[in-house]
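The values are calculated or read from the model by the stated rules, or taken from the named source; none is laboratory data. These numbers come from a predicted model, not from an experiment. Positions of Cβ are generated from backbone atoms using ideal geometry, with glycine treated the same way; all protein chains shown enter the neighbour counts. The protein model used for the area step is the full one, side chains on, heavy atoms only, and it has no ligands, DNA or RNA in it. Shrake-Rupley method; radii C 1.70, N 1.55, O 1.52, S 1.80 Å.
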Amino acid sequence: MEGVRNSVAPSDCLVFDVNGETFEVPEIEPSTTLLEFLRTRTRFKSVKLGCGEGGCGACLVLLSKYNPVLKQIESYTVSSCLTLLCSVNGCSVTTSEGLGNSKDGFHPIHQRFAGFHASQCGFCTPGMCMSLFSALANAEKSHCSQASPGYSKLTVSEAEKAITGNLCRCTGYRPIADACKSFAADVDLEDLGINAFWRKGDTKEVNVSKLPAYNPQDHTHPYTEVLKDEYKSTRILNVKKYSWYSPVTIEELRNLLHSGLVENGAKFKLVVGNTGDGYYKETEKYDKFIDLRYIPELLVVKKDNSGIEFGAALPISKVIIYLKEEGKSNLSSGAELVFTRIAEHMEKIASGFIRNSASLGGNLVMAQRKNFPSDIATLLLAVGASVSILTGDKQEKITFEEFLYRPPIDPKDVLLGVLIPSLEPTRIHGSVQSNSRLLFETYRAAPRPLGNALPYLNAAFLADICGDKSGILVSRVQLAFGAYGTKHATRARKVEEYLAGKMLSVRVLDEAVKLVKDAIVSENGTSHPAYRKSLAVSFLFSFLIELCGGSSKDLNDSLLEQAAKSNKDTNTSPIRNPSLLSSAKQVVEYSKDYHPVGEPIPKVGAAIQASGEAVYVDDIPSPPNCLHGALICSTKPLVRVKGISFDSKPKPTGVAAVISAKDIPKGGENIGGTFIFGPEPLFAGDIARFAGDVIAFVVADTQKHANFAAKTAHMDYDTEGLDPPILTVDEAVKNSSFFDVPPHSSPKEVGDFSKGMAEADHKILSAEINLGSQYYFYMETQTALAVPDEDNCMVVYISIQCPEFAHIAIARCLGIPEHNVRIITRRLGGGFGGKILKAMTVATACALAAHKLRRPVRSYLDRKTDMIIAGGRHPMRITYSVGFKSDGKITALHLDILINAGISEDVSPIMPHGIITALKKYNWGALSFDIKLCKTNHSSKSAMRAPGDVQGSFIAEAILERVASVLSMEVDSVGRSSGYMQNIANVEQFNSSSIWHKRGVSRVPIVYQVSLSQIPAKVSILWDGSIVVEVGGIEMGQGLWTKVKQATAYALSLIQCDETEDLVEKVRVVQSDTLSLVQGGMTVGALI
């Protein structure tokens, strides 16, 4: 940890605060991120590396800095995984530990997250807490009226939106949102879900009194002591030894770009927020970094009659604020509309903590130079914006469209500013006509409506219209579309030309739609091209209907009138006021028979998870002389690997060794994992069987250097004498490449299929369903730490669901007795089945390297490598034939299922049983099937959240929906009992009265087989009466330790040890240790 100082640091030293501690860093690699520094050189570990792209929020911190212009402190969240350390000079950083902790007392945010059961694995929880804290702190600065005691100025909607950029993979967002909403001024506590604070029937006053106390004066102030010294907080880091330069004028920037510092082939990078690294993974090393955040011209906001000009280095979040303010104050209705709509759309770009760092100019330069699918580019194209650019010694102003379609700008060219014009309806004889209107609307369709996801298509439409008794005249229109599979956003010129001067009618609208279909053409390889085209059509249709305004006197066609009325009544704008969580009620009946089992007490460790004190494998401090490893994987399937070299420039630094199969000790085996169906090799050997097969394990002095070495490793491949790889299930069938299914895993057929088909009135023959794979996306990637111990022993800390099997695999790989291996697992940052065999690969590689080098070795996989080796859910192709009666009763079903199992069995032999068990929730009459496990040259597919059950349930529902479609019946009437008929009646009533908007309702029953396992446990009662419990199961967020505490308290209460409530507090559940409690089994399925 860097030294804490009391005196003023030298002017050439990087200085900042973290949770009130001041750090001065005399030397640092300029590409070092804030996350890397916090995790490796401080004691603060609440910031987690989840995605490394700024897309998950696990690494969030609150950054506070002094604004010398406004003379005030600004605080906002940033992704520490993207924020360069040098950019926080003179700033104060607050992490979740800084809000509160177990020693000094938890913050109300931590307490409420725990009490509302808003934390499972807990890996993402500190980031969630920081998002909420930032929202609370900034709300107190607003001009809203003071809230009631115990509440903040946040509204329920704002509280929900506070965490929209944070990903959670196990808890579910409702309890998290409930914890956030409990702070809102307008919350109705009765609407919140199950919690540990109050019980059903308690009065509102009781509910409020039981919530952890919140006082804005005490609980919304980040650490800002360092910022009170204006000199220290405004110092500019401009140090040659860092290779970090901070010009303060355009002239200084120009001189720097054309000086010897960046000549002679030196690579330099212009930076503001560095968020582009989240999208474009750069492996090249830069010689110089030039920080643009201190040039006033790049931070300016100028307003005049022509419009509003923004400096290119302004964060997107500030641009949004300025646009909203300008929209409210602008007297021109057209400009007000444009500014407001652009601001509303920009709030859907990325997430709040990315917009706080990402610059307006950076987004546009990525769109121009690298074809980034920018929403902002589409918006600016539609309104006819212009830009100013620094090119060599001159500044030029050009239209944004000209800028966008220029050849990629030179790295030494700098975007200086963007002008958004003040627009108004067309003037006739110098004045705006009373019946003229300017309309502007934006649209966006993305996997997640509230940002943090790239769009399938975005659009922005500007129209100048004139309405009279004869109808709606389109004077001019500008239609921009983007992100649909082209290099840049485009204007639909032919559609614009056609609509200009036309009166709106069905014929005009129909022709415009046809022209849009021709205009929106995606490049080859674009996903979902038909869907993107349909989005463009629907967006244009919606806009043209909106032009009509819903008033019959302005329309010349009854169909358009109905469409406009429907559009107005349903209020379904694609951008404004997107719905957040739907309302719900949770009712759980508790039995007192086994008290305290089943009581909704806070999950064990939830508060320390929220504060960031909970220790995961990568949080364990590195032992002395520790090395870091990264997997080198094959990039091709079924190839001979002739060698590995590191030919990149610059060459990897800090590499200590490259471990491969030849390094396995005498007596050891090439085993990377083992399971009930057999072992899997650690290394590929001479032949890599699939893309992702581990060829070697490179070990270096830091994880960053190891990752760089692995990414830049060059493999020399050869395919001579090898058969072509088997990549599809069809190729597997052709080559008879299958795995056997053990008899005990083979499901039983039901009835006589031929007889059932003979009884059918209707038949569907050889229909096909294709199911793809799915990645786990546990927030914590595969990780392990191996530490050599005395007497040829090895201690390995692993994030794994089955330590017992890792224990066996490591002992066999190293060729040592199992009693020389000790596996320790405290908790997982998410598992979902993905931390069974694949976790063993990383752990065994670390153990082998530590054994050979006689030094501790650890590894934390980057997200891309984790995705490559993970395997994921089983893809499959299903061909089915089904017979059914006219009344919907199904008489027979036959399934031919080809499962792509990958290169090895893993857990694949259990898949047929899971699929058929899920299918048997319905009565199919007769059920027959032929299921084949196809061996292909892909990574082996593994268990993933109800393996087989998910696919079986999907297959069943797809078949029922197809049958219902053939019979024109409600799917709920096919093969199952009728129910929820009132809901169906309500939907039918709505649909009969709505032409353009439709509703639907469905229900999906689930049958899941719960299996019971005999897992060992050990209960120890200490001298002071406190109790320690060890169990074979692994705590991975499901609350296992909580249930163990309750069950222990119940069991001990039966022998009258003490009061039950006191017993729960006396019990402590400790981590899994394979030498302390042997044969712990697996934590999978229903082991909760």
TODO: Output the number of residues of region 171-188 satisfying the condition of being open to solvent by less than 50 Å² (accessible area, probe 1.4 Å), farther than 15 Å from K585 by Cβ and either acidic (D, E) or part of a loop (DSSP other than H, G, I, E, B) (or both).
DONE: 6
Task: Residue count for region 227-258, restricted to those that are at pLDDT below 80 and open to solvent by 30 Å² or more (accessible area, probe 1.4 Å) - done: 10
TODO: Could you tell me whether G1039 is among the small types (G, A, S), within 30 Å of R945 (Cβ to Cβ) and touching a Lys or Arg at 6+ places or on another chain (Cβ under 8 Å)?
DONE: yes
Open item on the list: I'd like to check something: does region 63-79 contain any residue that is touching a strand residue (DSSP E or B) at 6+ places or on another chain (Cβ under 9 Å), in a loop (DSSP other than H, G, I, E, B), of a type outside the set (S, T, Y) and open to solvent by 10 Å² or more (accessible area, probe 1.4 Å)?
Closed with: no
TODO: Taking the residues in region 408-428 that are among the acidic types (D, E) and either in contact with a Lys or Arg (Cβ under 7 Å, 6 or more places away or on another chain) or farther than 12 Å from A312 by Cβ (or both) as candidates, determine which candidate is surrounded by the most Cβ atoms within 10 Å (Cβ to Cβ).
DONE: E424
TODO: Report yes if some residue within region 917-930 is of a type outside the set (S, T, Y), modelled with pLDDT of 95 or more, out of contact with any Gly (no Cβ under 9 Å at 6 or more places or on another chain) and not in a loop (DSSP other than H, G, I, E, B); otherwise report no.
DONE: yes
TODO: Please go through region 25-44 and pick out each residue that is closer than 21 Å to K269 by Cα and open to solvent by 30 Å² or more (accessible area, probe 1.4 Å).
DONE: E27, E29, S31, E36
- [ ] For region 722-745, indicate whether the set of residues that are more than 38 Å from the chain's Cα centre (by Cα) and within 24 Å of I868 (Cβ to Cβ) is non-empty.
- [x] yes
Task: Within region 981-994, considering residues that are modelled with pLDDT under 80 and exposed (fewer than 13 other Cβ atoms within 10 Å of the Cβ), the one nearest to I955 (Cα to Cα) - done: M981
TODO: Count, please, the residues in region 671-693 that happen to be in contact (Cβ under 8 Å) with a residue 24 or more places away in the chain and within 17 Å of A850 (Cβ to Cβ).
DONE: 3
TODO: Return the pairs, sorted by first residue and then second, in which the second residue is surrounded by 13 or more Cβ atoms within 10 Å (Cβ to Cβ) and part of a helix (DSSP H, G or I), the first residue lies in region 202-219 and is of a type in the set (F, W, Y), the beta carbons are less than 9 Å apart, and the residues are 6+ apart or on different chains.
DONE: Y214/P108; Y214/I109; Y214/R112; Y214/L136
Task: region 189-201 residues that are free of Cβ contacts under 8 Å to residues at least 24 places away in the same chain and in a loop (DSSP other than H, G, I, E, B), paired with ones that are open to solvent by 40 Å² or more (accessible area, probe 1.4 Å) and among the hydrophobic types (A, V, I, L, M, F, W, C) (beta carbon under 8 Å, 6 or more apart) - done: W198/V206
- [ ] Look through S534, S579, S538 and report the one residue that is outside any helix (DSSP H, G or I), of a type in the set (S, T, N, Q) and either on the phi < 0 side of the Ramachandran plot or at pLDDT 75 or above (or both).
- [x] S579
TODO: State which residue is most open to solvent (accessible area, probe 1.4 Å) when the search covers only region 476-485 and only residues that are in a strand (DSSP E or B) and not basic (K, R).
DONE: Q478
TODO: Please enumerate the residues belonging to region 619-646 that are at pLDDT 95 or above and part of a loop (DSSP other than H, G, I, E, B).
DONE: I620, P621, S622, P623, P624, N625, C626, S634, T635, K636, P637, L638
Task: Options A489, A463, A459, A445; residue that is under 30 Å from L390 (Cβ atoms), surrounded by 19 or more Cβ atoms within 10 Å (Cβ to Cβ) and either touching a strand residue (DSSP E or B) at 6+ places or on another chain (Cβ under 6 Å) or free of Cβ contacts under 8 Å to residues at least 40 places away in the same chain (or both) - done: A489
Open item on the list: Given the options L454, L462, L473, name the one that is in a strand (DSSP E or B) and within 37 Å of the chain's Cα centre (by Cα).
Closed with: L462
TODO: Given the conditions (1) at pLDDT below 95; (2) part of a loop (DSSP other than H, G, I, E, B), report the number of the one that L439 does not fulfil.
DONE: (2)
- [ ] Kindly indicate the residue of region 50-61 that is among the hydrophobic types (A, V, I, L, M, F, W, C) and surrounded by 24 or more Cβ atoms within 10 Å (Cβ to Cβ) and also nearest to A453 (Cα to Cα) among those meeting that condition.
- [x] C56
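Does T22 satisfy the criteria of being over 25 Å from P296 (Cα atoms), open to solvent by 10 Å² or more (accessible area, probe 1.4 Å) and not in a strand (DSSP E or B)?
no
Hey, can you tell me all the residues within region 714-727 that are outside any loop (DSSP other than H, G, I, E, B) and either open to solvent by 80 Å² or more (accessible area, probe 1.4 Å) or touching a Lys or Arg at 6+ places or on another chain (Cβ under 7 Å) (or both)?
H714, D716, Y717, D718
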Task: Criterion (modelled with pLDDT of 90 or more and open to solvent by less than 50 Å² (accessible area, probe 1.4 Å)) met by exactly one of V1019, V1078, V1028 - done: V1028
Task: Which numbered condition F990 fails, given (1) of a type in the set (A, V, I, L, M, F, W, C); (2) in a helix (DSSP H, G or I); (3) in contact with a helix residue (DSSP H, G or I) (Cβ under 9 Å, 6 or more places away or on another chain) - done: (3)
